[in-house]
Amino acid sequence: MYLYDEYDQKLVDERVDQYRDQTNRFLAGELSADEFQHLRLRNGLYIQRLAPMLRIAVPYGMLSSKQLRKLAHITRHYDRGYAHFTTRQNVQLNWPKLEEVPDILAELATVEMHAIQTSGNCIRNVTSDQYAGVAPDEIEDSRPWAELIRQWSTFHPEFNWLPRKFKIAVTGAEGDRAAVQVHDIGVRILKVDGQTRFEVLAGGGLGRTPVIAPVIKQNLEPEHLLTYLEAILRVYNRYGRRDNKYKARIKILVRAMTPEVFAEKVEAEWVHLKDGPATLTQAEIDRVKKHFTTPPYEDLEDHVPAVDDLLADNSGFGNWVKQNVKAHRQPGYVSVNLAMKQTGIAPGDVTDEQLEIIADLAEEYSFGEVRVTHEQNVTLADVPKKSLHDLWSKLVDAELASPNLGLLTDIICCPGGDYCSLANAKSIPVAEAIQRKFDDLDYLHDLGDLDINISGCMNACGHHHVGNIGILGVDKKGEEFYQVSIGGSGYEDASLAKILGPSFAQDEIPTVIQKLVDVHLAHRQGEERFIDTYRRLGIDPYKEAVYATWEV
Amino acid sequence: MGSLIKNKTVQADDNLAFLSLEEYLDSGERAQAVWLDADEEVEGIADFLEEIPAIALNFPAFSDGRAYSNAAILRRHYKFSGEIRAIGDVRLDQLEQMVRCGFDAFELAEGQNPEKALAMIEGFSFSYQQTVDREPLFRKRA
Ligand code: HEM
Ligand code: SF4
């Protein structure tokens, strides 16, 4: 993974000093609450219902064992012994003290971490594919490009006060595990006649107005990536709406201008920047790529009888392997997913002890690195297949072996009304009620891949628009209700979910899910996924099944 | 009005008169200082830049970032070499970004401490990206 040199380290250290000074000035009354709010947000510090919340950046989800141990220490020492993995591959603390945040940052800086630009109207942490560098369907490793974008966007002086937050995702694989079509900018890495080229999408997003991003540039040569991004950001910074924060995202601008006109504006701006000093050099591309070389793999057999023979039966191990273990491009290796979705625990939550166990297991089985996924899980990307059973036993002991990756109970869920001051409704208890109802693993495995995404309000932190089943908290005369939609996908076949009909009370939700699943099971052909059956049938059968019984 | 900072020192008000864009365009006299609001584009005065001694760019609120782009375009596209002054809601924590984008004079908002401003104006030791006053860090690393 990327390791800091003296420059990266110095910048992060200087940032700690700068933020400490800002905190001190706020506490001394020299900074107004309004001004400090903007400054602390640029450092990931929200003030929430119960306490501040600190979002720590995990660039494109990569963490080392050393960093995990530091996070464990921080959650224990400065917080309540647990942290939270977010849908943008970051880590969040729920109970830090405002006055202690500078100390937390100083601790983070010792392991090359920070909270820079994890919130606020600036360019946020860049995200990517959790299987980058190991996926069999990879075209090119996206991480060097994500790192180059991270550096370019860090403290960009011109783009620190954008109309609204700005999120960039990069994918370099056939399958899209970075949700590039619902980001402000999505970058797809392709090969054209053997040469690396980028396809750039702009103006996607979720929130109140979900939009699938159009492609605005094809065949971009690698050295021009940063100048092209700069041109997009400049057009957005100048012309994005600032009068209404719900209309301020780039998606609204692209739509208002039309993608064609927007692309022309960017082109016109790019003329001034292209081939200038910000054009990437081969030396810089090579320097960054050197950090993402393959680890020292052993020569291993791909067929491991001890594992392969167990796949057929429905043993705990077999189910876990089938669901949570993914193919790897190196023979004899696999990627292992730890689904952070134990029933009764908020999706994405992890304790300090679990962080340490993950750190140890990563060191023992996966070259000391893990990746956080945008589904709020953790991936050990380089595990020898022959060690799977050992690893599994240890994960079971640590309650990290939920064999439900990608299944109905692997729910993406925002903090909702339990923590978030913007919420219309709670979301964590809804996730839990669903997990409790669907506790039969064989049934879940038979049902196959099904994404349920839950957001507590239309800000869509839980990505409900791109869930196969999306659940949205709504406020109905002061009471918490839930609107259900179906047919969304956040992957390469991205689509936005359609609203089923009138909303439901909280305790009705598990039954609604059951009815939707029943329609699927009654109509699916072979092993068809929920989303594919839905696409074939359309929304009506689901609607009928769900509302028939409610209409008296 | 708050203090004026220029040439990295605190200065007495220089009473430089800036015309609004409308006044400037109406006046017909090109060698005058002009101020632009955040929604006014520098392209509108592009033809006169050689004669304009100073341009002030207004920050209607510190959280409105449009003037940074206006300044960067003046310096980088048009190679404007006169003064670019930040006016309006200009606060300490914005100074370093303003410097990087080509501002070289700062009329601080009321209540902003000018001594502290001088200490903060330099900001970070390096910039990853190309700025008006710095090459991108990767060119230094090579
Ligand atoms: C509890 C405090 C939180 C608050 C107040 C909050 C607030 C918001 C708001 C206001 C938006 C909409 C922005 C817009 O559309 O312009 C948003 C979007 C988003 N939030 Fe949160 N959020 C919180 C926590 C989280 C957490 C914990 C996650 C991850 C699990 C998250 C992930 C996201 C994502 C991915 C989006 C982007 C949706 C899009 O593309 O528009 N948020 N958040
Ligand atoms: S979706 Fe709404 S309720 Fe959930 S975290 Fe985001 S802002 Fe809060």
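Quick look at the numbers
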{"item": "Anchor A:Lys326: lysines whose Cα lies under 29 Å away (excluding residues fewer than 8 positions away in-chain)", "result": "A:Lys66, A:Lys70, A:Lys167, A:Lys191, A:Lys289, A:Lys290, A:Lys341, A:Lys385, A:Lys386, A:Lys394, A:Lys437"}
{"item": "Label-to-label distance, nm, for residues given as A:Glu174 and A:Leu300 (7 Å Cα→Cβ offset)", "result": "2.3 nm"}
{"item": "Residues A:Phe26, A:Phe159, sorted so that the one with the fewest Cβ neighbours within 10 Å comes first", "result": "A:Phe26, A:Phe159"}
{"item": "Cα extents of the range A:412-547 along the three principal axes, largest first (Å)", "result": "44, 29, 28"}
{"item": "A:Ile47, B:Ile87, A:Ile74, A:Ile452 arranged by Cβ crowding within 10 Å, fewest neighbours leading", "result": "A:Ile47, B:Ile87, A:Ile74, A:Ile452"}
{"item": "Angstrom value of the Kirkwood radius, inverse mean 1/r, which spans all Cα pairs in chain B", "result": "15.5 Å"}
{"item": "Amide H contacts of A:Leu338 (H built 1.01 Å from N, under 5 Å, at least 5 apart or other chain)", "result": "A:Val378, A:Thr379, A:Leu380"}
{"item": "Positive-end residue, the range A:143-289 charge dipole about Cα centroid, Cβ charges, pick of A:Leu229, A:Ala248, A:Ala268", "result": "A:Ala248"}
{"item": "Chain A: C-alpha gyration tensor shape, a/c 1.5 cut-off, then a/b vs b/c", "result": "rounded"}
{"item": "Segment A:Thr293-A:Lys191, length gained on full extension (0.36 nm per residue, minus Cα span)", "result": "34.8 nm"}
{"item": "Prolate/oblate/rounded label for the range A:311-380 (Cα gyration tensor, a/c 1.5)", "result": "oblate"}
{"item": "Residue-averaged beta-carbon neighbours from other chains (10 angstrom radius) around B:90-102", "result": "4"}
{"item": "Computed FRET value (nearest 0.05) for B:Asn15 with A:Glu528, which takes r as the C-beta separation and R₀ as 60 Å", "result": "0.20"}
{"item": "Shielding score for B:120-132, defined as the mean number of other chain Cβ atoms within 10 Å", "result": "6"}
{"item": "Relative contact order of the range B:1-121, pairs being alpha-carbon contacts under 8 Å that are 6 or more residues apart, as %", "result": "29 percent"}
{"item": "Phi to ³J(HN,Hα) by Karplus 6.51 cos²θ - 1.76 cosθ + 1.60 over the range A:533-541, Hz, x for Gly, Pro", "result": "4, 4, 5, 6, 8, x, 7, 4, x"}
{"item": "Long-range HN-HN contacts of A:Asp349 with modeled amide H, under 5 Å", "result": "A:Phe85"}
{"item": "Average partner coverage of A:226-239, which counts Cβ from other chains inside 10 Å", "result": "3"}
{"item": "Scattering profile of the range A:143-289 at q = 0.15 Å⁻¹ [log10 I(q)/I(0), Debye over alpha-carbon scatterers]", "result": "-0.74"}
{"item": "Environment charge of A:Ala362, counting only residues whose C-beta is closer than 11 Å and scoring Lys/Arg +1, Asp/Glu -1", "result": "-3"}
{"item": "Unpaired by the 4.7 Å Cβ criterion, cysteines found in chain A", "result": "A:Cys122, A:Cys413, A:Cys420, A:Cys457"}
{"item": "Neighbour-count ranking [beta-carbon atoms within 10 angstrom, fewest first] of A:Met257, A:Met62", "result": "A:Met257, A:Met62"}
{"item": "Beta bridge orientation in the protein assembly as shown: antiparallel %, DSSP, nearest 5", "result": "70 percent"}
{"item": "Normalised contact order of the range A:194-346, rounded percent, pairs of Cα under 8 Å and 6 or more residues apart", "result": "17 percent"}
{"item": "R0 of 41 Å, Cβ-Cβ distance B:Asp47-A:Asn459: FRET efficiency to nearest 0.05", "result": "0.35"}
{"item": "Sorted peptide list for A:424-436, A:277-289, criterion being average Cβ within 10 angstrom, highest first", "result": "A:424-436, A:277-289"}
{"item": "For the range A:143-289, share of DSSP beta bridges that run antiparallel, in % to the nearest 5", "result": "75 percent"}
{"item": "Mean separation of Cα contacts under 8 Å, 6 or more apart, over the residue count of chain A: relative contact order %", "result": "12 percent"}
{"item": "Beta bridges by DSSP in the range A:412-547, antiparallel share as percent, to the nearest 5", "result": "70 percent"}
{"item": "Using a Förster distance of 35 Å, the FRET efficiency for B:Glu23-A:Glu260 (Cβ separation, nearest 0.05)", "result": "0.40"}
{"item": "Highest to lowest packing among B:9-16, A:29-36, scored as the average C-beta count within 10 Å", "result": "A:29-36, B:9-16"}
{"item": "Distance between modelled label sites at A:Leu521 and A:Tyr547, nm, 7 Å Cα→Cβ extension", "result": "2.5 nm"}
{"item": "Lys, Arg +1 and Asp, Glu -1 on Cβ, resulting dipole of the range B:4-141 about Cα centre, debye, nearest 20", "result": "1060 debye"}
{"item": "Only Lys, Arg (+1) and Asp, Glu (-1) charged, at Cβ; chain A dipole about Cα centre in debye", "result": "2180 debye"}
{"item": "Electrostatic dipole magnitude of the range A:311-386 [Cβ: Lys, Arg +1; Asp, Glu -1; Cα centre; debye, to 20]", "result": "560 debye"}
{"item": "Hz values of 3J(HN,Hα) by residue in the range A:512-523 - Karplus curve (6.51, -1.76, 1.60), Gly and Pro given as x", "result": "4, 4, 4, 5, 5, 5, 4, 4, 4, 5, 6, 10"}
{"item": "³J(HN,Hα), Karplus 6.51/-1.76/1.60, whole Hz, each residue of the range B:115-127, x for Gly, Pro", "result": "5, 4, 4, 4, 5, 9, 5, 6, x, 5, 5, 9, 10"}
{"item": "The range A:1-114: C-alpha gyration tensor shape, a/c 1.5 cut-off, then a/b vs b/c", "result": "oblate"}
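Each reported figure results from applying straightforward, stated rules to the coordinates on display, with no laboratory input. Only a predicted model underlies this, so the values are computations on that prediction, with no experimental measurement involved. Cβ atoms come from the backbone with ideal geometry, glycine included; neighbour counts cover every protein chain shown.
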